[in-house]
Amino acid sequence: GLEDTPRAWIEMGTVHFSRLGADVIPVMVLDRRHAEDPRHAESIAAADWIYFSGGKPGYVVETLTGTPFWSAVVRRHLAGAVLAGASAGAMMLGSRTFHFPDGIADTGLPRRVAVRDALGLLPGMLVAPHFDAVPTEFWRTWAHLWQDGHRMLGIDEDTAIVERDDGWVVLG
């Protein structure tokens, strides 16, 4: 919601998922006002697959927490809909998430990393996408940030992790 390219991302996602045979319904929830608009919640009332793109994890959590749209997402998930996310769209699903209060440096890495509550669909988890793109010493440096009892789910780029009844499956 903070980027200047959401329409381009929606167009790319629509083309991509349509090629896979999906009946795509783009939903432009970019800020809290959109997430509180009942029309957006209604637009996913019959969705069987809900995909969240990336962005800034702290902003995504602040935008969705406690809104009718997020409640509709959770209802669909409990009814069997698949939830998928890339980057911040995956990070928000844990019970805690990394966020970057000072933005990203020219190196592509955060200037500073903090941890905050997330949306909680994966209890006890911090989801860490782009895992292989971040130097190992950074992960070690940030390890003290998460609470006892939490695990980090590191997901390499070009990789998907799918939770099934029998555990996690790595694809890619």
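The values are calculated or read from the model by the stated rules, or taken from the named source; none is laboratory data. Being a predicted model, the structure only gives us computed values, none of them experimental. Areas reflect the complete protein model, heavy atoms only, side chains present, ligands, DNA and RNA absent. Shrake-Rupley method; radii C 1.70, N 1.55, O 1.52, S 1.80 Å.
Results, tabulated for the structure shown:
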{"read-out": "Apportionment of accessible area to carbon and sulfur, the stretch 55-161, percent (1.4 Å)", "value": "52"}
{"read-out": "Relative contact order (%) - the stretch 50-172, alpha-carbon pairs under 8 angstrom, separation at least six", "value": "21"}
{"read-out": "Volume per residue that the Cα convex hull of the stretch 16-172 spans, once the total is divided by residue count, Å³", "value": "130"}
{"read-out": "On Cα atoms only, tilt of 6-19 relative to the major axis of the chain in degrees", "value": "70"}
{"read-out": "Where the chain is the region considered: accessible area per residue in Å², 1.4 Å probe", "value": "60"}
{"read-out": "Rg(Cα) / (2.2 N^0.38 Å) computed for the stretch 71-123, rounded to two decimals", "value": "1.37"}
{"read-out": "Within the chain, helix-based [θ] at 222 nm, where runs of 4 or more DSSP H residues each add -39,500 (n - 2.57), nearest 500", "value": "-8500 deg cm²/dmol"}
{"read-out": "Cα point-scatterer Debye curve for the stretch 78-168, base-10 log of I(q)/I(0) at q = 0.15 Å⁻¹", "value": "-0.58"}
{"read-out": "Length gained when the stretch VAL134-ALA114 is fully extended (0.36 nm per residue, less Cα-Cα span)", "value": "5.6 nm"}
{"read-out": "ARG96 accessible area, assembled protein chains, probe 1.4 Å, Å²", "value": "40"}
{"read-out": "For MET125, residues with placed amide H under 5 Å, excluding near neighbours", "value": "SER95, ARG96, ARG151"}
